Amino acid sequence: MTTEPDLVVHAVRSVAGGVSGPVTVTVHDGVVAWVGPLDRGVTGGEVVELGDDEVLLPGLVDTHVHVNEPGRTEWEGFASATRAAAAGGVTTVVDMPLNSLPPTLDPEALAVKQEAARGQCHVDVGFWGGAVPGNLGRLRPLLDAGVMGVKCFLPDSGVAEFPALVGDGLLRAAEEVSAADGLLLVHAEDPDVLAAAPAANGPSYDVFLASRPAAAEDTAIARVVDAARRSGARVHVVHLSSASALPVIAAAKADGVRLTVETCPHYLVLRAEDVPDGATPYKCCPPVRDDANRARLWDGLADGTIDLVVSDHSPCTPDLKALGTGDFGTAWGGISSLQLGLPLVWTEARRRGHDLADVVRWMSAAPAALVGLTTKGSLREGAAADLVAFAPDQEQVVDPARLEHRNPVSPYAAARLTGVVRATWLAGLRADPDSGDHAPRGRLLARGEA
Ligand SMILES: [Zn+2]
């Protein structure tokens with residue numbers, strides 16, 4: 001005696017369990033109950049037939065999102081960020097611990113975050129904590145309270161309430177995290193190398209680029225590797241931009257250092273050569289570098305030195321982007337791409353001979369594994385029924401005004417991309433804005449829970 005599935009999806013094309021092909025997927029109580037060869041005889045409460053031009057994918061997992069609520073909700077909030085995520089095929093986000101007020105530095109602040117998020121998330125949301133001078137003794141309770149790991153900065157973070165670790169702070173944080181069997185995320189740019197570089201000011205992109213040299217990343221990453229090696233902690237480098245750090249990363253991994261690395265769509269898609277002077281929507285730290293660097297980042301992804309691709313969605317209000325003056329020195333650094341990550345990466349990946357299974361590995365399976373979300377990141381029996389219908393050949397032209405995130409500023413304005421998210425399901429129910437108004441159904445996730 002079997003109960004009828006709540007949802008049945010028939011798809012001629014899929015990326016399911018690493019295999020691409022025609023499938024039928026059944027969903028019961030928000031969970032994938034069965035994945036098998038395409039069989040249109042299977043029926044259920046709701047039956048969805050994807051078009052021949054659509055591919056069924058598992059929902060993406062974006063572990064690098066700055067939501068900024070509470071405190072700087074005018075930059076970005078949970079409702080708008082998660083609506084953008086759902087529109088972009090992202091069914092799980094993990095929120096960064098800084099730019100909200102308070103920053104997520106102790107269990108009490110985490111509770112404030114969770115309260116702010118509750119009831120307004122359109123996708124599932126987890127949280128990172130932060131490691132700063134003065135709270136290293138509280139990392140364990142913070143991890144026990146459910147953050148997925150803790151993030152620290154080596155350079156200035158851009159906000160006063162989230163200071164960088166100095167001196168032996170990185171190693172001490174790694175030791176605390178190791179003792180708690182946690183995960184330490186590091187913004188790896190060396191403050192001394194940055195201080196010795198020319199200052200960023202004015203509208204010249206070349207001047208800005210010179211102010212954030214690759215050597216700052218490379219020096220910091222060597223320190224991160226050393227701290228990971230000495231502490232035994234799991235350590236993750238966020239938003240890698242400098243390809244010249246790849247050999248050190250590859251060697252550390254080969255040595256068994258517990259190191260993972262992410263890069264972001266902007267480093268894989270944009271090129272310094274194309275950034276117009278004064279175009280501050282392109283400002284992020286570390287910066288978008290030149291075309292040769294970009295090619296080597298793709299090599300690093302292809303050979304597994306880079307583990308995953310996440311957005312580093314980091315919005316602010318348009319005035320803080322200094323759009324009027326175009327001054328790279330004063331503009332806030334951050335690029336908002338939560339909704340566009342999949343078509344951005346796919347457009348460039350396809351041009352370089354990758355297939356959608358590669359993209360799903362980088363943007364769904366690997367980030368899910370990073371944070372230990374065992375029911376996310378692949379389309380298989382027993383997994384969360386987080387599904388995406390993606391049209392990989394359809395073109396779109398980016399109109400920032402039509403993106404769901406709060407402030408319509410984007411370096412991708414008017415970009416022509418290949419690939420459109422047609423539908424997103426969270427736990428077996430449509431979650432994308434095109435599916436109409438409905439109550440937000442995203443859950444708040446904690447470390448150790450599936
Ligand atoms: Zn970030």
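The values are calculated or read from the model by the stated rules, or taken from the named source; none is laboratory data. Everything quoted here is computed from the prediction, not taken from an experiment. Please note: Cβ atoms are built from the backbone with ideal geometry, for glycine as well, and neighbour counts cover all protein chains shown. The area values use the complete protein model at the heavy-atom level, side chains included, leaving out ligands, DNA and RNA. Shrake-Rupley method; radii C 1.70, N 1.55, O 1.52, S 1.80 Å.
Residue under question is Phe162, and the condition is that it be closer than 17 Å to Val237 by Cα and either in contact (Cβ under 8 Å) with a residue 12 or more places away in the chain or away from the ligand (no atom under 13 Å from the Cβ) (or both); does it hold? Judged against the criteria, Phe162 is not a match.
Summed over segment 43-59, residues that are buried (at least 17 other Cβ atoms within 10 Å of the Cβ) and not charged (D, E, K, R) total 8. Return yes when Arg352 is surrounded by fewer than 24 Cβ atoms within 10 Å (Cβ to Cβ), in contact with a helix residue (DSSP H, G or I) (Cβ under 9 Å, 6 or more places away or on another chain) and basic (Lys, Arg) and no when it is not. Yes. If only residues of segment 316-335 that are in a loop (DSSP other than H, G, I, E, B) and of a type in the set (Val, Ile, Thr) are counted, the one that is farthest from the ligand (Cβ to nearest atom) is Thr325. Filtering segment 361-383 to residues that are of a type in the set (A, V, I, L, M), open to solvent by 20 Å² or more (accessible area, probe 1.4 Å) and over 17 Å from Trp346 (Cβ atoms) leaves only Ala369.
The one condition from (1) open to solvent by 10 Å² or more (accessible area, probe 1.4 Å); (2) farther than 26 Å from Leu429 by Cβ; (3) among the β-branched types (Val, Ile, Thr); (4) under 19 Å from the mean Cα position of the chain (by Cα) that Thr317 does not meet is (4).
When segment 294-315 is filtered for residues that are among the hydrophobic types (A, V, I, L, M, F, W, C), within 14 Å of the ligand (Cβ to nearest atom) and not in a strand (DSSP E or B), only Val310 remains.
From the list Gly300, Gly333, Gly304, Gly329, exactly one residue is of a type outside the set (A, V, I, L, M, F, W, C), at pLDDT 90 or above and in contact with a Gly (Cβ under 8 Å, 6 or more places away or on another chain). Which is it?
Details: Gly300 fails: in contact with a Gly (Cβ under 8 Å, 6 or more places away or on another chain); Gly333 fails: at pLDDT 90 or above; Gly304 fails: in contact with a Gly (Cβ under 8 Å, 6 or more places away or on another chain).
From the options Gly300, Gly333, Gly304, Gly329, the qualifying one is Gly329.
Being basic (Lys, Arg), assigned to a loop (DSSP other than H, G, I, E, B) and closer than 30 Å to Thr317 by Cα, is that true of even one residue in segment 397-408? The answer is yes; a qualifying residue exists.
Modelled with pLDDT of 95 or more, touching a helix residue (DSSP H, G or I) at 6+ places or on another chain (Cβ under 8 Å) and away from the ligand (no atom under 16 Å from the Cβ) - does that describe any residue in segment 399-409? Checked segment 399-409: no residue is modelled with pLDDT of 95 or more, touching a helix residue (DSSP H, G or I) at 6+ places or on another chain (Cβ under 8 Å) and away from the ligand (no atom under 16 Å from the Cβ). From the list Ala195, Ala216, the one residue that fits, being out of contact with any Gly (no Cβ under 8 Å at 6 or more places or on another chain), assigned to a helix (DSSP H, G or I) and open to solvent by less than 40 Å² (accessible area, probe 1.4 Å), is Ala216.
Of all residues in segment 336-357, those satisfying the criterion of being part of a loop (DSSP other than H, G, I, E, B) and away from the ligand (no atom under 16 Å from the Cβ) are Gln339, Leu340, Arg352, Gly353, His354, Asp355.
I'd like to check something: does segment 398-405 contain any residue that is farther than 26 Å from Ala116 by Cβ, without any contact (Cβ under 8 Å) to a residue 40 or more places away in the chain and buried (at least 16 other Cβ atoms within 10 Å of the Cβ)? So far as segment 398-405 goes, no, none of its residues is farther than 26 Å from Ala116 by Cβ, without any contact (Cβ under 8 Å) to a residue 40 or more places away in the chain and buried (at least 16 other Cβ atoms within 10 Å of the Cβ). Scanning for something of a type in the set (A, V, I, L, M, F, W, C), at pLDDT 95 or above and surrounded by fewer than 22 Cβ atoms within 10 Å (Cβ to Cβ), does segment 125-135 turn up at least one residue? No, segment 125-135 contains no residue that is of a type in the set (A, V, I, L, M, F, W, C), at pLDDT 95 or above and surrounded by fewer than 22 Cβ atoms within 10 Å (Cβ to Cβ). Tell me, yes or no, whether segment 228-241 has at least one residue that is in contact with an Asp or Glu (Cβ under 7 Å, 6 or more places away or on another chain) and part of a helix (DSSP H, G or I). Scanning segment 228-241 turns up at least one residue that is in contact with an Asp or Glu (Cβ under 7 Å, 6 or more places away or on another chain) and part of a helix (DSSP H, G or I). Do you know which residues across segment 265-292 are more than 21 Å from the chain's Cα centre (by Cα) and in a loop (DSSP other than H, G, I, E, B)? Val275, Pro276, Asp277, Gly278, Ala279, Asp290, listed by residue number.
From the list Val42, Val25, Val67, the lone residue that is at negative phi, touching a residue at least 60 places away in the same chain (Cβ under 8 Å) and in contact with a strand residue (DSSP E or B) (Cβ under 6 Å, 6 or more places away or on another chain) is Val25.
For (1) in contact with a strand residue (DSSP E or B) (Cβ under 6 Å, 6 or more places away or on another chain); (2) surrounded by fewer than 22 Cβ atoms within 10 Å (Cβ to Cβ), each residue gets a yes or a no:
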position: Gly232; (1), (2): no, yes
position: Leu240; (1), (2): yes, no
position: Pro247; (1), (2): no, yes
position: Ala251; (1), (2): no, yes
position: Arg258; (1), (2): yes, yes
position: Pro265; (1), (2): no, no
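Please work out which residue is nearest to the chain's Cα centre (by Cα), limiting yourself to segment 62-80 and to residues that are charged (D, E, K, R) and in a loop (DSSP other than H, G, I, E, B). Looking at the filtered set, the residue picked out is Glu76. Say whether the condition of being open to solvent by less than 10 Å² (accessible area, probe 1.4 Å), out of contact with any helix residue (DSSP H, G or I) (no Cβ under 8 Å at 6 or more places or on another chain) and either under 23 Å from Pro400 (Cα atoms) or within 16 Å of the ligand (Cβ to nearest atom) (or both) is met by at least one residue in segment 99-108. Checked segment 99-108: at least one residue is open to solvent by less than 10 Å² (accessible area, probe 1.4 Å), out of contact with any helix residue (DSSP H, G or I) (no Cβ under 8 Å at 6 or more places or on another chain) and either under 23 Å from Pro400 (Cα atoms) or within 16 Å of the ligand (Cβ to nearest atom) (or both). Could you look through segment 62-83, keep only residues that are more than 16 Å from the ligand (Cβ to nearest atom) and crowded, with 24+ Cβ neighbours inside 10 Å, and pick out the one that is farthest from His10 (Cα to Cα)? Out of the qualifying residues, it is Phe78.
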